[in-house]
Amino acid sequence: MSGLSIKSAVRVAQGVLKRVEFTSRTLGGTSTTFAAYLPDTTQNKKLPVVYWLSGLTCTDENFSQKAGAFQSACDNQVVLVMPDTSPRGDGVPDEDPHTYDFGIGAGFYLNATTKKYKTHYNMYDFVVKELPDFVESNFPVTQKRAICGHSMGGHGALTIGLKNPERYTSVSAFAPICNPMAVPWGTKAFGFYLGDNKESWKQYDATELIKEYKGKDLHLLCDCGTADNFLVGDVNQLQPLAFIDAALKAKVPLTFRMQAGYDHSYYFMSTFIGEHLAHHARFLHA
């Protein structure tokens, strides 16, 4: 980790949103940008962090511009940290032609093992280890963390939380890809990133992970809209019922709410993000 620079800083609600750039070891030595929202109270004390993982095609900016989360972050006294969704820059490999659901903008929060992608596509290690270490070394935050995300990022939040319960007080997701091994988005990405051995895919599938979960209560909270086009369209890319069923059979506590009439967009997330941040704050401040 080196070369920290502040790309921008803007005041919003009762705090400052900063976009921060640094050189990432786990992402193949590329420069990566994340956003951090710091309520004014961080001038006097350290606050816990909620990490937000975005979905396909997103950068660090989508959540900041569309979710309307900053007043809630102040009200709940949490710092928000929003990483990018993949490595970027010269030398970062991709498929040709580029598609929205793989490669740049679609890192799937895993550690790639195939020769072409393993140097750069290590978003799992970046989110679990490198980014928190960097944030905790450079910003006024505690080591208490929660994690949440949307769609591909919801998949990331669930899998990362289930694999690392000691690192997070709580986990939540909006319209997560719950069973990627069973849907086109996941099988495409896992094939390119992880190869043909489907046993190796299970470590990045929330439905498979929750079947074997024996850790603490992560206060899992998920919301999905009943009008989500990836739920009710030609292909059910989200598979919430598979995840709910696996959790029930494993006796893992889970709150999964189907919200009537909402779609996959930030209109949906902006409606409920305040509830999610309040949910995390209950446990971060306990």
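The values are calculated or read from the model by the stated rules, or taken from the named source; none is laboratory data. Because the structure is a prediction, the values reported are computed rather than measured. Cβ sites come from the backbone with ideal geometry, for glycine too, and all protein chains shown count toward neighbours. All accessible areas refer to the heavy atoms of the entire protein, side chains included, with ligands and DNA or RNA removed. Shrake-Rupley method; radii C 1.70, N 1.55, O 1.52, S 1.80 Å.
Computed quantities for the displayed model
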quantity	calculated
Residue within the range 194-212 that is closer than 15 Å to PHE230 by Cβ and open to solvent by 40 Å² or more (accessible area, probe 1.4 Å) present	no
Residues of the range 1-30 classified as out of contact with any Leu (no Cβ under 9 Å at 6 or more places or on another chain) and among the charged types (D, E, K, R), total	3
Pair list, Cβ under 7 Å, 6 or more apart: the range 250-278 residue touching a residue at least 60 places away in the same chain (Cβ under 8 Å) and farther than 25 Å from GLN77 by Cα, other residue part of a helix (DSSP H, G or I) and open to solvent by 50 Å² or more (accessible area, probe 1.4 Å)	HIS264/ASN229; HIS264/PHE230
Positions within the range 1-31 being in a strand (DSSP E or B), crowded, with 17+ Cβ neighbours inside 10 Å and under 21 Å from the mean Cα position of the chain (by Cα), in sequence order	LEU17, ARG19, VAL20, PHE22, SER24, THR30
Boolean, GLY215 is closer than 15 Å to GLY55 by Cβ, in contact with a Leu (Cβ under 8 Å, 6 or more places away or on another chain) and open to solvent by less than 70 Å² (accessible area, probe 1.4 Å)	no
From GLY105, GLY68, GLY89, residue being in contact with a Ser or Thr (Cβ under 9 Å, 6 or more places away or on another chain), open to solvent by less than 10 Å² (accessible area, probe 1.4 Å) and at positive phi	GLY105
Counted residues, the range 179-218 - those being over 24 Å from THR114 (Cβ atoms) and not small (Gly, Ala, Ser)	8
From the options ASP96, ASP75, residue that is under 20 Å from ALA146 (Cβ atoms), surrounded by fewer than 20 Cβ atoms within 10 Å (Cβ to Cβ) and of a type in the set (Asp, Glu)	ASP75
Contacts under 6 angstrom Cβ, first residue in the range 164-176 being within 17 Å of ALA242 (Cα to Cα), partner among the hydroxyl-bearing types (Ser, Thr, Tyr), 6 or more apart	ALA175/SER151
Selection count, the range 123-144, where residues are open to solvent by less than 20 Å² (accessible area, probe 1.4 Å) and outside any helix (DSSP H, G or I)	1
Members of the range 42-62 that are over 12 Å from the mean Cα position of the chain (by Cα), of a type outside the set (S, T, N, Q) and assigned to a loop (DSSP other than H, G, I, E, B)	LYS45, LYS46
Qualifying residue in the range 58-67 (condition: in contact with a strand residue (DSSP E or B) (Cβ under 9 Å, 6 or more places away or on another chain), touching a residue at least 24 places away in the same chain (Cβ under 8 Å), of a type in the set (Asp, Glu) and closer than 18 Å to GLY154 by Cβ)	yes
